[in-house]
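For reference, the structure discussed in these notes is given below.
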Amino acid sequence: MGETGGNAAESRGPARPLPADEAPFDAIGLARSLLRGIRSGALATLDPDGTPFASLVTIATDADGTPLMLLSRLSAHTRNLLANPRCSLLFAQTGKGDPLAHPRLTVVGRATQTGELRARERFLARHPKAKLYADFPDFGFFALDPEAGHLNGGFAKAATLTRDQLLLDLAGAEAIVAGERGAVEHMNADHADALALYATGSGAEAGLPWRLTGLDPEGMDLMANDRTARVVYPERVSDMGALRKSLVAMAARARASDTQG
């Protein structure tokens, strides 16, 4: 018999993550949840000589999921971005036990400064204490335009994502984006009980002062102190009427479930 040229493991080569749409788990849903739920992460930029430089930054997201940062021009990472916008952001979920058992997402792309009012509003809603220094002349808001993502959902759960899989397509949902701030203010002022139901229904801790920081065609972002919760609607909404119907139905189901429990 002739030689086989090595064993089966050698012929297969090193293991590689699957594209998100081929992964045996909801890679896109998990990646988007990490994007929306993680409020700080590691930003990797390039020094002028090409040396990788990693630092800790606070993060929010635009309506489509684009990562947003508030950075000082006095910081090394900001000087690096202004010279070379290529960078990556690590969104890592923490918890008990082995840190590598928890999901994390790396997003690579280019970060540039933005003057969009919505970027400012969404960032400060997520990080209200940043209002103390957001208007300092050396600070500016930056948006990371993703090119790709690498998701590790825990042991033996990895996937790669495209830009379109990371971000929401806002086409046809312009009314949601335009009406977001008014809806957020209304829900926080008049429907704190419903927000608590949405949060606990998504698996978040009960008994906390949950408030709405943002919403989009796919779901809502809630926060209580330093805790966050991502609540996904039963189906995508494209206008404020559909949003109201979805929220009413979600609250009714949550109340019924709470009563039965």
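The values are calculated or read from the model by the stated rules, or taken from the named source; none is laboratory data. Quick caveat, the model's predicted, so the values are computed rather than measured. Reconstructed Cβ throughout: ideal geometry from the backbone, glycine too, with neighbour counts over all protein chains shown. SASA here: full protein model, heavy atoms, side chains in, ligands and nucleic acids out. Shrake-Rupley method; radii C 1.70, N 1.55, O 1.52, S 1.80 Å.
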### Query
Looking only at the stretch 82-99, which residues are open to solvent by less than 60 Å² (accessible area, probe 1.4 Å) and assigned to a loop (DSSP other than H, G, I, E, B)?
N84, P85, G95
## Note on the structure
Those residues of the stretch 189-237 which are touching a helix residue (DSSP H, G or I) at 6+ places or on another chain (Cβ under 7 Å) and in a helix (DSSP H, G or I) amount to A194, L195, L197, Y198, G201
### Query
Which of the residues spanning the stretch 153-167 are open to solvent by 50 Å² or more (accessible area, probe 1.4 Å) and within 16 Å of R36 (Cα to Cα)?
R163, D164
### Task
Evaluate the following for A251: is it farther than 22 Å from T94 by Cβ, in contact with a helix residue (DSSP H, G or I) (Cβ under 8 Å, 6 or more places away or on another chain), surrounded by 14 or more Cβ atoms within 10 Å (Cβ to Cβ) and not basic (K, R)?
yes
### Message
Condition (residue is open to solvent by 40 Å² or more (accessible area, probe 1.4 Å) and of a type in the set (S, T, N, Q)) applied to the stretch 64-81: is it met by at least one residue?
### Response
no
### Task
Being over 18 Å from D226 (Cβ atoms) and not in a loop (DSSP other than H, G, I, E, B) is the filter; apply it to the stretch 54-63 and report the residue that is most open to solvent (accessible area, probe 1.4 Å).
A54
### Query
What are the residues in the stretch 129-147 that are hydrophobic (A, V, I, L, M, F, W, C) and open to solvent by 60 Å² or more (accessible area, probe 1.4 Å), if any?
L132, F136
### Message
Among (1) open to solvent by 50 Å² or more (accessible area, probe 1.4 Å); (2) over 29 Å from S238 (Cβ atoms); (3) not in a strand (DSSP E or B), there is one condition H150 misses while meeting the rest; what is its number?
### Response
(3)
#### Entry: Complete set of residues in the stretch 35-53 that are farther than 29 Å from A229 by Cα and in a strand (DSSP E or B)
L46, P52, F53
